[in-house]
1. Per Stokes-Einstein, at 25 °C and 0.890 mPa s, what whole-number D in µm² s⁻¹ belongs to the range 274-408, with the Kirkwood radius over Cα pairs as the hydrodynamic radius?
2. Under a point spin-label approximation (7 Å from Cα along Cα-to-Cβ), what is the Phe138-Asp430 distance to one decimal in nm?
3. Would you mind putting 304-311, 358-365, 135-142, 247-254 in packing order, based on average other-beta-carbon counts within 10 Å, highest first?
4. Grab the Cα-Cα distance for Val308 and Val50, subtract it from 0.36 nm times how many residues apart they are, and report the gain in nm with one decimal.
5. Take the Cα coordinates of the range 149-275, assign each an equal point scatterer, and use the Debye formula without solvent to give log10 I(q)/I(0) at q = 0.14, 0.21 Å⁻¹.
6. Treating cross-link reach as a plain straight distance, find the lysines whose alpha-carbon is under 27 Å from the alpha-carbon of Lys265, omitting any fewer than eight places away in the same chain.
7. For Val416, list long-range residues whose amide hydrogen, built 1.01 Å from N in the peptide plane, is under 5 Å from its own amide hydrogen.
8. Hand me the GluC sites (Glu not before Pro) from the range 441-478 located in a DSSP loop with no more than 14 other Cβ atoms within 10 Å, in residue order please.
Amino acid sequence: MADEGLISHKREPIKSSVGNAAAQKRRQHAVTVGKERREALMRTKRLCRVGVSGDSDDASLDDADMMIEEEQSILEARTSSAVDELKLAVAYQGKGETQKRVNALRELRRLLSKSEFPPVEVALQAGAIPLLIQCLSFGSPDEQLLEAAWCLTNIAAGKPDETKALLPALPLLVAHLGEKSSLHVAEQCAWALGNVAGEGGELRNVLLLQGALQALARMMLPNKRSTVRTAAWALSNLIKGPDPKAATELIKIDGVLDGIIRHLKKGDDELATEVAWVVVYLTALSNVATTILAKSDLVQVLVERLAVSSSLQLLIPVLRSLGNLVAGETHITNVLVAGHEITDNAIQALVKCLKGEHRILKKEAAWVLSNIAAGSVEHKRLIFSSEAMALLLHLLSTAAFDIKKEVAYVLGNICVAPAEGSGRPNVILDHLVNLVRGGCLTGFLDLVRSADVEAARLGLQFIELVLRGMPNGEGPKLVEREDGIEAMERYQFHENEELRSMANELVDKYFGEEYGLDE
């Protein structure tokens, strides 16, 4: 049965105008996550410099200068010669033929590993792919298979057309993921396939049709650290969408859920990072996957990892996974944060991220909090009574704009309770008064004055709460004191109909002809 699609963010009325575009936003969040991975020193496609076994074989020792750049023309000439030597080795039949092939493959592999921009195009033009496919044939020695797969891995890390040149090799690469292959050969093939999957949807679809998803999933189940890490990375590239079908299929494979939780709980930071990225795409793309994960111990495991880890590379996907889960449908959110203890622990862990120096962590932590704050009134009170409040107020006035906008969502959601029907949200008075007294009005008016439509809408929604909800009719005076009338009047002829209508309605209702006559 087809998955029903992307999960929508369940927002309180202060965020309802954003919620209508939630599915599209979530899709963009999922498929553009590569930017955050680059900032966290992660790459969608990866060159293989050191073999998957991690051993210092004679090749590595002989090539102590492997990372030294050479003149490109010399490197290209040597690569063309290496492919010619491989042709001779493949054609040779006689004593020592296996070692001859291995030596030729090793030389080509060294050349494809030397430079930040390997001479892949030259290797392809010289006819490397058909030769490498021959060297991947079943029954070949492991050393030969490993060197051939390593060459294909670095070719797949090249430009799009270079990666697509691996199409004829894909069936054999997938086949070598099976139980008949040695662990090192299977892992190197998984690395090559991860690079292929990272190229885009067309190649991902080919791999899915060839059974790569099931084969890679099996490799993620044991407790073999390096193999699991490589398989998880390849899987995250394979399922990252935007079609939810692969994510839904993956979570249904026997053992995958248990494997994810076990590796997140007990794996080191590098292993847990790759597994967490799998969870990011599962929860971003598939309702089925999110529901299954929500019913497990995953949230508690993510919160525990968030609390103890200091690794930026790990914290980013953990935060994103947690936020995706909490941003699910209401019944999922209520299950996730039903108990005070796990909510308190989550808030404490998020406070740690808000206190950190890295902007991505602050933004992601605020996003997670905004979704917790979009839950029940009890959730809102737990955040309101926590250390997070002082930090959020400070960030609203001092942080970069993108962080400030996420913080504003948290503060706005804390101040409203769901209304019956489709009416305006009810104001949680003590929260609103406390925040306004804490100086948040200036920050929200800055959003109103911004050129960002979403931020301006959010600012106007909060101003409406202030005007309507502050006791003793003091809301209009507070807004006027902060030059709020001028901020709203700038939308009098704005091209955005929704903003124009919101601002004009507020000015007319609260600052019309009768305003100030009773003073």
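1. The diffusion coefficient I find is 168 µm²/s.
2. Between Phe138 and Asp430, the label points sit 7.0 nm apart.
3. Descending packing order for the listed peptides: 358-365, 247-254, 304-311, 135-142.
4. That works out to 89.9 nm of additional length.
5. Debye curve over Cα of the range 149-275, log10 I(q)/I(0) at q = 0.14, 0.21 Å⁻¹: -0.54, -1.21.
6. Lys35, Lys45, Lys224, Lys240, Lys245, Lys252, Lys295, Lys352, Lys355, Lys362, Lys363
7. Residues meeting the criterion, in which the H sits 1.01 Å from N, are Ile428.
8. Glu474
The values are calculated or read from the model by the stated rules, or taken from the named source; none is laboratory data. As the structure is a computational prediction, the values presented were derived from the model and not from experiment. Every residue, glycine as well, gets a Cβ built from its backbone with ideal geometry; the counts of neighbours run over all protein chains shown. Note: areas computed on protein heavy atoms with side chains; ligands, DNA, RNA excluded. Shrake-Rupley method; radii C 1.70, N 1.55, O 1.52, S 1.80 Å.
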